[in-house]
Amino acid sequence: MEGVAGDGLAKGAGVISRALAGTCAGLPDLMLRALSCLPMPRPILATIDLAALRHNLAVARRHAGARKVWAVVKANAYGHGIERALRGFADADGLALLDLDEAARAREGGWRKPVLLLEGLFTADDLPAIDELQLTAVIHHRAQIEMLAAFRPRAPIDVYVKVDTGMNRLGFAPTETSASLARLAALPGVRIVALMSHFANADRDDADAGPGAVSDQLRAFEAACRSWSGPCCLANSAALLLHPQVGGDAVRPGIALYGATPMAGRPAASFGLKPAMSLAARVLSVRMLAAGASIGYGSRWRARRSTRIGVLACGYADGYPRVAPDGTPVWIGGQRVPLVGRVSMDMITVDLTDVPHVDVGAEAELWGAHIPVDEVAEACGTVGYELLCALARRVPVAERN
Ligand SMILES: Cc1ncc(COP(=O)(O)O)c(C=O)c1O
């Protein structure tokens, strides 16, 4: 870990000086030389493990059986980077995402297989790009059908028709599905590929889920399917891993592909998943805090004993949650130590008393192989999804293959 991340930090420095050089094109030579003497970037680094992405996709495939696998890569591949996802998920049958910009990046990166726009078109202005990039659009609302009706594509646009079976966000009601299908089928510029739905409670056992359980949504979907005999696409990660009764012809896992859990309280490792992102930062400063002294904003944490405090180069502006409570685990010096004091914009503080060998320059893992992102998320009252997606742009990213 030390070796890989150390290397990565150096690479991060390279990336940052190149970026600086890029923004400084046209500046006098002398000034550029002065800029190239700028110190190292902050010692923080996210590392994306492409082998873990491939491994997790293989796990999803095993669960999917004969079903096709859309790798969900919205939100910049849950913070991992679209371009890296293209390589990590090269074996997927398609990519599912939200933004035309991300779809264009996938195409520019050489992705020739299908790309599914999970919310379809937002306005009629999206249609030329959907046509040009040959994207598959989810159609969930009458307004989108009217936009399609008024557009003349070069080739018929592939669509997935979304049925609202209980999530009550997007989709046609089961009772309006057959009319929507008929209207779409009548449009020469449209080819209906599949019917889809999304589960609200696939992360819970059906017995505990109450109304809106997976089985309720499946029943609603079957009702909608009376006027459709083609392919169906239902399962997200939780449905894929936890509800084998959910069938269909294609699945749409997201979070599991990044090695985080879709189910609170059930570790990702128990599904055989490997974390694809690790976030590491180095110790900037070590100081002794006398018993009774407090630390950081709001003096939230007060030392009960004489305490050795380490300050790490990672804060909420890097994506580490500000709400992290005292005791949130951090991995350093071969063991877990507790976060103490409020998370600042650029720093966190940890109790190093029990790792006396750890000093300035030592590397800490905020999440990754030793500290599952889900554990940090749980301490913060949220889910791994949110932490991964919130990785800040200012954090340099390295890759491991
Ligand atoms: C429509 C749809 N399908 C699939 C997914 C993937 O879900 P997960 O990351 O829980 O596997 C999402 C994510 O929110 C989604 O919105």
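Computed quantities for the displayed model
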read-out	value
Matching entry among Ala398, Ala392, Ala377 (being of a type in the set (A, V, I, L, M, F, W, C), away from the ligand (no atom under 16 Å from the Cβ), under 16 Å from Leu279 (Cα atoms) and not in a strand (DSSP E or B))	Ala392
So Tyr385, is it under 26 Å from Val72 (Cα atoms) and not polar (S, T, N, Q)	yes
Hits in the range 64-85 (condition: surrounded by fewer than 21 Cβ atoms within 10 Å (Cβ to Cβ) and closer than 23 Å to Asp249 by Cα)	Ala64, Gly65, Ala66, Lys68, Lys74
Residue satisfying all of: in the range 210-243; over 30 Å from Gly259 (Cβ atoms) and hydroxyl-bearing (Ser, Thr, Tyr); surrounded by the fewest Cβ atoms within 10 Å (Cβ to Cβ) among these	Ser229
Residue selected from the range 78-128 under the condition in contact (Cβ under 8 Å) with a residue 40 or more places away in the chain and away from the ligand (no atom under 16 Å from the Cβ), by the criterion farthest from Leu170 (Cα to Cα)	Arg84
Unmet criterion (only one of (1) assigned to a loop (DSSP other than H, G, I, E, B); (2) within 16 Å of the ligand (Cβ to nearest atom); (3) more than 17 Å from the chain's Cα centre (by Cα)) for Gly292	(2)
Ala104 part of a helix (DSSP H, G or I), modelled with pLDDT under 95 and either closer than 28 Å to Gly272 by Cα or among the aliphatic types (A, V, I, L, M) (or both)	no
Residues of the range 256-272 classified as part of a loop (DSSP other than H, G, I, E, B) and near the ligand (Cβ under 9 Å from one of its atoms), total	2
Out of Pro253, Pro231, Pro275, sole residue that is at pLDDT 95 or above, under 30 Å from Asp346 (Cβ atoms) and within 16 Å of the ligand (Cβ to nearest atom)	Pro275
Meets criteria (modelled with pLDDT under 95 and within 17 Å of the chain's Cα centre (by Cα)) for Ala264	yes
Any hit, the range 307-323, residues being in contact with a helix residue (DSSP H, G or I) (Cβ under 6 Å, 6 or more places away or on another chain), without any contact (Cβ under 8 Å) to a residue 40 or more places away in the chain and either surrounded by 18 or more Cβ atoms within 10 Å (Cβ to Cβ) or not in a strand (DSSP E or B) (or both)	yes
Selection within the range 304-341 - in contact with a Phe, Trp or Tyr (Cβ under 6 Å, 6 or more places away or on another chain) and of a type in the set (A, V, I, L, M, F, W, C)	Cys314, Val340
Every residue from the range 246-282 that is in contact with a Phe, Trp or Tyr (Cβ under 7 Å, 6 or more places away or on another chain) and among the basic types (Lys, Arg)	Arg252
Identity of the residue in the range 42-73, in contact (Cβ under 8 Å) with a residue 60 or more places away in the chain, in a helix (DSSP H, G or I) and not small (Gly, Ala, Ser), that ends up farthest from Met196 (Cα to Cα)	Leu50
Selected residue (criterion: nearest to the ligand (Cβ to nearest atom)) from residues of the range 184-209 that are closer than 25 Å to Leu127 by Cβ and surrounded by fewer than 16 Cβ atoms within 10 Å (Cβ to Cβ)	Arg191
Scan of the range 159-203 for residues that are more than 20 Å from Val115 (Cα to Cα) and in contact (Cβ under 8 Å) with a residue 60 or more places away in the chain, ordered by number	Ala202, Asp203
Residue within the range 175-182 that is within 17 Å of Ser227 (Cβ to Cβ), in contact with a Ser or Thr (Cβ under 7 Å, 6 or more places away or on another chain) and surrounded by fewer than 17 Cβ atoms within 10 Å (Cβ to Cβ) present	yes
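Let's see how each residue does on (1) within 29 Å of Asn236 (Cβ to Cβ); (2) in contact with a Ser or Thr (Cβ under 7 Å, 6 or more places away or on another chain); (3) crowded, with 21+ Cβ neighbours inside 10 Å:
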residue: Val283; (1), (2), (3): no, no, yes
residue: Arg302; (1), (2), (3): no, yes, no
residue: Arg305; (1), (2), (3): no, no, no
residue: Gln335; (1), (2), (3): no, no, no
residue: Gly341; (1), (2), (3): no, yes, yes
residue: Gly368; (1), (2), (3): yes, yes, yes
residue: Glu375; (1), (2), (3): yes, no, no
residue: Cys389; (1), (2), (3): yes, no, no
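The values are calculated or read from the model by the stated rules, or taken from the named source; none is laboratory data. Remember, it's a predicted structure, so these values are computed and weren't measured experimentally. Note that we place each Cβ from the backbone using ideal geometry, even for glycine, and neighbour counts take in every protein chain shown.
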